[in-house]
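**Q** Pasting a structure below so you can have a look.
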Amino acid sequence: MPNSPSSPVVVIAPDSFKGSLSAEQVAQAIAAGIQRARPDASVRICPMADGGEGTLDAMLTSGGERRKLSVRGAAGPVREALTGLLADGSAIIETAEIVGITDPVGMSVPVEARSTRGMGEAIRTLMDAGVRRFFVALGGSSTNDGGAGLLAGLGLKLFDAQDKELDATPEQLAHLARVDVSQLDARLADTQFVGMSDVDNPLTGAHGATAVFGPQKGVKPEQLASLDAALARFADLLEPSLGRTAREQPGAGAAGGLGFALHMLGAQFEPGAETVARQIGLDAALEGANWLITGEGRSDVQTLHGKAPFIACRHAQAAGVPATLLSGAVDSAALPRLAEYFSGCFSPAPGPITLEVAIRDAARLLADEAEQLTRLKYGTR
């Protein structure tokens with residue numbers, strides 16, 4: 001039936017369900033369930049992301065094209081990686097796509113041997129294509145090199161006490177005695193960077209990149225002090241060479257210190273989900289809407305620290321639109337906190353099921369739950 005003044009207008013703005021469905025697939029499944037119950041509903045799909053895996057896809061929702069590049073992965077061998085050219089001429093580079101923690105080749109070498117050089121190579125290649133504004137999504141990295149690799153890919157040279165050139169890896173940074181910034185790409189002076197991250201950690205120390213995020217990348221307890229010291233040494237030499245101080249800046253510790261390198265290039269930082277929300281026009285989609293559904297693979301109290309569902313919810317609140325959380329799993333202990341923001345928190349699991357079944361049947365389960373939520377909300381029989 002055609003839309004009537006009382007027809008629902010629903011914005012669907014989920015993150016991906018990692019290991020199962022992309023944000024677009026999640027949104028499409030929810031939309032199918034809604035329209036079973038209300039065929040007259042106007043559904044506006046706005047796939048979200050927060051700077052991690054899936055950010056590239058979300059940023060391209062409003063227009064642009066994918067660009068495949070040959071760059072070095074975290075372990076060194078060249079690999080094909082996707083980047084994006086946005087409609088306004090900017091580029092989006094997803095760290096997880098180039099040096100991601102889910103890349104088995106990159107993870108096949110110890111963390112002290114991994115580098116972000118491929119990130120710098122991607123930037124340089126896109127600068128060759130005329131790009132002068134970059135969005136860098138910082139989630140999901142496997143590296144802990146302080147962004148030395150990224151800068152090396154852009155021309156930075158590293159030397160030991162014998163003036164031997166070093167590779168831009170954590171184990172090599174331990175021997176660093178001098179940096180040469182004279183060969184950094186001159187085009188960087190006219191290039192803007194936006195770091196997309198919800199992480200506010202500094203580069204080093206008890207709350208820094210190595211101490212907080214290193215263990216999940218393979219840093220052993222006995223390595224923490226030495227790898228942290230290597231990053232501090234890198235900062236000691238780089239900061240005076242570039243005339244900037246950045247190691248304590250919020251986000252410097254993001255992506256194993258990749259945020260530090262971006263700060264040294266003068267980057268602005270903002271929560272990744274906010275960048276995505278702006279790029280995809282979430283506020284415009286919420287105009288005239290009377291319901292927002294968002295979600296992610298698993299929601300807990302961390303959801304309220306800048307994750308995509310929380311940012312979508314805050315935008316909905318600002319527009320006077322109630323927001324429902326529909327996630328693969330919801331931590332029951334977090335419900336009191338989540339309920340302060342969401343008008344209901346739900347999981348599509350119909351009962352005790354295995355993770356394998358939940359992943360396999362995610363689209364069907366989401367559609368079924370969305371249908372029932374729509375019937376509940378709008379009194380549909």
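The values are calculated or read from the model by the stated rules, or taken from the named source; none is laboratory data. In this text, all values refer to a predicted model and were calculated from it rather than measured experimentally. Every residue, glycine among them, receives a Cβ derived from its backbone with ideal geometry; neighbour counts consider all protein chains shown.
**Q** Can you tell me how many residues within the range 153-189 are touching a Lys or Arg at 6+ places or on another chain (Cβ under 8 Å), of a type in the set (D, E, K, R) and closer than 13 Å to residue 115 by Cα?
**A** The total comes to 0.
**Q** Here's another thing I want to ask about it. Do any strands (runs of 3 or more DSSP E) entirely within the range 116-223 hold 1 or more residues that are buried (at least 18 other Cβ atoms within 10 Å of the Cβ), modelled with pLDDT of 95 or more and in contact with a Gly (Cβ under 6 Å, 6 or more places away or on another chain), and if so, which?
**A** Answer list for the range 116-223: 133-137, 192-196.
**Q** Which of the strands (runs of 3 or more DSSP E) contained wholly in the range 1-101 include at least 3 residues that are within 30 Å of residue 329 (Cβ to Cβ) and at pLDDT 95 or above?
**A** 9-12, 42-45
**Q** Scan the range 58-82 for residues that are surrounded by 17 or more Cβ atoms within 10 Å (Cβ to Cβ), more than 24 Å from residue 147 (Cβ to Cβ) and not hydrophobic (A, V, I, L, M, F, W, C) and report the count.
**A** Qualifying residue count for the region: 2.
**Q** Do you know which residues across the range 224-265 are free of Cβ contacts under 8 Å to residues at least 40 places away in the same chain and in a helix (DSSP H, G or I)?
**A** Residues satisfying the conditions are 224, 225, 228, 232, 236, 239, 240.
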